Amino acid sequence: MIKRHLQTKLEYLIDNYPAVALLGPRQAGKTTLALDIAAHRNAIYLDLESEQDRAKLTQTELYLIQHEDKLVILDEVQRAPELFQNLRGLIDQGRRKGLRSARFLLLGSASIELLKQSSETLAGRIAYLELPPIHALEVVNSQRDHLWVRGGFPDSLLAANDQLSFQWRLDFIRTYLERDIPQLGPRIPAETLRRFWIMLAHNQSELLNASKLAGSLGVDGKTIAKYLDLMVDLLLVRRLQPWHNNTAKRMIKSPKVYVRDSGIVHALLGIHNQENLLGHPICGGSWEGFIIENIIATAPQNTAAYFYRSSGGAECDLILQFPNQKTWAIEVKRSLNPKVEKGFYFACDDVQPNARYVVYSGAETYPLADGIHAINLDNLLIKLKNLELNSIQ
């Protein structure tokens, strides 16, 4: 089983909060991680998609009080938002008995934004953690070549061959469109949403052009915004906002949009293997999105991510702002001999980051110029992981 980077952080939160919500797209590994943690604790597991398990909660408080000495894991919690009110009362009762942590682990396939109306009742009682698909530090060398092409969903990454991996991703896309999204309420024709998803994949790593998307789909801009909000809430798409500071420079205001898992990008575009990918026009955008998602997935919790672009030509693929307000500027290159463009120098002059990196495909870390270092993905992720570990010690 693949050891997940977030396990230490998750266990820390469980030990310090009465409730923890572990969020992520379906099939990202939430249940596997939760059951691995449960194996070393006094815990019970309930799947809210199971009629049998939901029946146990007919008398919610009565059932859960019987297990108040255990960590109760509730999977697919977005299916039963009415539970949050019960959990608040149980947590408050438990606190009066000295039960202050490790009460509930909630697993959900929707984002904080999608759940927040239901979870407002748990304010001050719950911590959130997002589990993305598998990233580069979590795989062994034999899986590394597959990670970019197949993406990080475990069943796709670990498939016996490229064709089985590709088919799994097609089935994943179909299930989301035909079952999961309708169950959450939105009444959007599956074929319309499929076309929208494919359009986003074609524009991977580019600025959002809502009017162009609206024209292609035959809808208005508000409808495009609604579709995009849905895909962002389901943790399938990232809307990377532009960095803004107090300078008088004219800044780009549109966000950049990424389909978050590279394997899903390739399935949407009919790219079966690495050979097909390297010859496809989306190759550069796919690589940029892959690197950025790996970086954000490994960054310390509550790190803010942006890109930087001005009308004067300053440009940086990724700005990380850590909870301590320090910033890193990061440029992504796929070559073995990275060259720093003028736009990155200009962006660094504007942002004044604490560290400046060009992520490239080589093995060594070495200085370039003006405080910029060339670094490979693994070494940058190790730096970020160490920052996260230091934050919880």
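The values are calculated or read from the model by the stated rules, or taken from the named source; none is laboratory data. Treat the numbers as computed from the prediction; the structure is a model and nothing was measured. Backbone-built Cβ (ideal geometry, glycine too); neighbour counts: all protein chains shown.
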Among helices (runs of 4 or more DSSP H) entirely within the range 40-134, at least 3 residues that are touching a residue at least 24 places away in the same chain (Cβ under 8 Å) and of a type in the set (A, V, I, L, M, F, W, C) occur in 83-96, 112-119
Residues that are outside the structural domain of Lys385 (by TED's automatic domain parsing), in contact with a strand residue (DSSP E or B) (Cβ under 8 Å, 6 or more places away or on another chain) and over 30 Å from Gly263 (Cβ atoms): does the range 18-32 have at least one? yes
Conditions (1) of a type in the set (D, E, K, R); (2) surrounded by 14 or more Cβ atoms within 10 Å (Cβ to Cβ); (3) more than 18 Å from Gly284 (Cα to Cα); (4) modelled with pLDDT under 95 -> Arg334 fails only (3)
Within the range 1-22, residues being outside any loop (DSSP other than H, G, I, E, B) and in contact with a Gly (Cβ under 7 Å, 6 or more places away or on another chain) number 1
Filtering the range 291-330 down to residues that are charged (D, E, K, R), part of a strand (DSSP E or B) and without any contact (Cβ under 8 Å) to a residue 40 or more places away in the chain yields Glu315, Asp317
Among the residues that make up the range 222-236, is at least one of them touching a strand residue (DSSP E or B) at 6+ places or on another chain (Cβ under 6 Å), within 23 Å of Arg169 (Cα to Cα) and buried (at least 17 other Cβ atoms within 10 Å of the Cβ)? yes
Filtering the range 49-70 down to residues that are surrounded by 17 or more Cβ atoms within 10 Å (Cβ to Cβ) and in contact with a Leu (Cβ under 6 Å, 6 or more places away or on another chain) yields Leu64
Gly371: passes all of (1) over 29 Å from Val149 (Cα atoms); (2) out of contact with any helix residue (DSSP H, G or I) (no Cβ under 9 Å at 6 or more places or on another chain) but (2)
The condition from (1) of a type outside the set (Gly, Ala, Ser); (2) touching a residue at least 40 places away in the same chain (Cβ under 8 Å); (3) surrounded by fewer than 14 Cβ atoms within 10 Å (Cβ to Cβ); (4) part of a helix (DSSP H, G or I) that Leu381 misses is numbered (3)
All conditions in (1) loosely packed, with under 15 Cβ neighbours inside 10 Å; (2) free of Cβ contacts under 8 Å to residues at least 60 places away in the same chain; (3) of a type outside the set (A, V, I, L, M, F, W, C); (4) not in a loop (DSSP other than H, G, I, E, B) are true of Tyr258 except (1)
ask   = Got at least one residue in the range 76-83 being modelled with pLDDT of 90 or more and either assigned by TED's automatic domain parsing to the domain that holds Leu107 or loosely packed, with under 13 Cβ neighbours inside 10 Å (or both)?
value = yes
Filtering the range 129-145 for residues that are buried (at least 20 other Cβ atoms within 10 Å of the Cβ) and either touching a helix residue (DSSP H, G or I) at 6+ places or on another chain (Cβ under 8 Å) or more than 17 Å from Asn376 (Cβ to Cβ) (or both) leaves a count of 6
